[in-house]
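Report on the structure given below.
The values are calculated or read from the model by the stated rules, or taken from the named source; none is laboratory data. On a predicted model such as this, the values are computed, not experimentally measured, just so you know. In this analysis, Cβ positions are derived from the backbone assuming ideal geometry, glycine residues included, and neighbour counts consider all displayed protein chains. Side chains included, ligands, DNA and RNA excluded: accessible areas come from the protein's heavy atoms. Shrake-Rupley method; radii C 1.70, N 1.55, O 1.52, S 1.80 Å.
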Amino acid sequence: MYDDVIAFIRKTYGNRERIFLHDPYFGGNEERYLSECIKTTFVSSVGPFVDRFEEEFAAYAGARKAVVCVNGTNALHMAMMLAGVRSGDEVITQALTFIATCNAVSYIGARPVFVDVDGDTLGLSPAAMRKFLEAHAELRPDGCFNKRTGARIKACVPMHTFGHPVHLDELAALCADYRIELVEDAAEAVGSFYRGKHVGTFGRVGVFSFNGNKTITTGGGGIMLFSDPELAKRAKHLTTQSKIPHRWEFVHDETGYNYRMPNINAALGCAQLEQIDYILSSKRKTAEEYRKFFSGKPGFEFIGEPAECRSNYWLNAVLLPGRKERNEFLAATNDSGVMTRPAWELMNRLDMYRDCEHGDLTVSESIADRLVNLPSGVRQA
Ligand SMILES: *Cc1c(COP(=O)(O)O)cnc(C)c1O
């Protein structure tokens, strides 16, 4: 019943037995930079590629500073700490996200609060957040508080779902009004722009992931972007066991973390970043082909980039009429070697987060029931 869709995807991705959702693409200096690490013995957490990757990624995204991490989840954990989130606080985020967003909040002993997403961005809705705050928030001299739970609402973490930017200007204005820190989970959004500005540069901290299935990969890895150099300095300190730099003394001034990205991973990152334009243009071409194909196909709604945004189209997605059709489509595609997958189970439906505060989640629920991600990897030049 979905033979034409499967044939189209097979034609797009060429003759392969299994077509993955998003496999890595290595078309540049990856091997050369890796062997440089081995030849020089700089394979671990200090080395020239670490500094170079931080500088080049910050320049690419138009941020003042960047600090790398072992992975995106660690980077989010650090971002929560750097935004001043403390145990007992609440953090507003979306229920339609990958678990890492909520885990980072939990590591601190804080609790997520879920508000709905917008249908055009699949990310945190400014209107839904305003509605929640108007009903539940109270501004006091020491911050914004949830009247029902008594907890401080310290931060807001929108996530740019599948690389589509959320309505950042509206969210930033709302956060400013309520004195809530904005931290972007831009893990999926390397190469995505909102009104001409790279995402991850709108709040106190912006976080990206370079996991193997992301737009560019370092094997495993993450990065934080900052406009405040002092905060970046503190990020470096915290991720380096909070060691006071010294030629031989080992003195640490607080409980730190070993969240440093090794030089071999940063070497991959430098090679990948050199190819970002090709990677993004290949993904954009695929998205355009999907859009055209599905525009004439009843029962499928292709998710395009939001207005005034440029999406990296990390994972292309379609909406089917309901859960039943979604499940049939997932079965048909995966049975024939074309990898597809549904959206994540909503966070408020998981045991750990069932009791969390939340607003109306109608749009999140509809998307979670109906969405399927399609193969979206980079095609050979
Ligand atoms: C990939 C991802 C992360 C971070 O993942 P890591 O695998 O730890 O690098 C965080 N949030 C979202 C939404 C993601 O998709």
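Taking the condition at pLDDT 95 or above, open to solvent by less than 70 Å² (accessible area, probe 1.4 Å), over 30 Å from Glu289 (Cβ atoms) and of a type outside the set (Phe, Trp, Tyr), does Val5 pass? The answer is no for Val5.
Screening segment 204-222 for residues that are part of a loop (DSSP other than H, G, I, E, B) and near the ligand (Cβ under 8 Å from one of its atoms) and picking the one that is surrounded by the most Cβ atoms within 10 Å (Cβ to Cβ) gives Phe210. Find the residue count for segment 300-343, including only residues that are within 20 Å of the chain's Cα centre (by Cα) and open to solvent by less than 40 Å² (accessible area, probe 1.4 Å). The number of residues fulfilling the criteria is 14. Can you name every residue in segment 75-124 that is in a loop (DSSP other than H, G, I, E, B) and among the β-branched types (Val, Ile, Thr)? Within segment 75-124, Val85, Thr97, Ile108, Thr121 qualify.
Pairs linking a residue in segment 146-170 that is in a loop (DSSP other than H, G, I, E, B) to a residue that is among the basic types (Lys, Arg), with Cβ atoms under 8 Å and 6 or more positions apart or on different chains, are Ala151/Arg111. Number of residues in segment 64-101 that are within 30 Å of His358 (Cα to Cα), among the hydrophobic types (A, V, I, L, M, F, W, C) and buried (at least 21 other Cβ atoms within 10 Å of the Cβ): the value is 13. For segment 171-189, a residue qualifies if it is within 16 Å of the ligand (Cβ to nearest atom), part of a strand (DSSP E or B) and touching a residue at least 40 places away in the same chain (Cβ under 8 Å), and the qualifying residues are Val183, Asp185. As a summary of the residue check, Lys39 satisfies the conditions (1) out of contact with any Pro (no Cβ under 6 Å at 6 or more places or on another chain); (2) touching a residue at least 12 places away in the same chain (Cβ under 8 Å); (3) basic (Lys, Arg) except for the one numbered (2). Residues that are surrounded by 15 or more Cβ atoms within 10 Å (Cβ to Cβ) and in contact with a strand residue (DSSP E or B) (Cβ under 9 Å, 6 or more places away or on another chain) within segment 45-63 comprise Ser45, Val50, Phe53, Glu54, Glu56, Phe57, Ala58, Ala61, Ala63, listed in sequence order. If the condition is being assigned to a strand (DSSP E or B) and more than 24 Å from Asn213 (Cα to Cα), then segment 329-381 contributes only His358. Of all residues in segment 69-88, those that are within 15 Å of Ala100 (Cα to Cα) have Cβ atoms under 7 Å from Cβ atoms of residues that are open to solvent by less than 40 Å² (accessible area, probe 1.4 Å) and among the acidic types (Asp, Glu), 6 or more apart or on another chain, in Leu76/Asp185.
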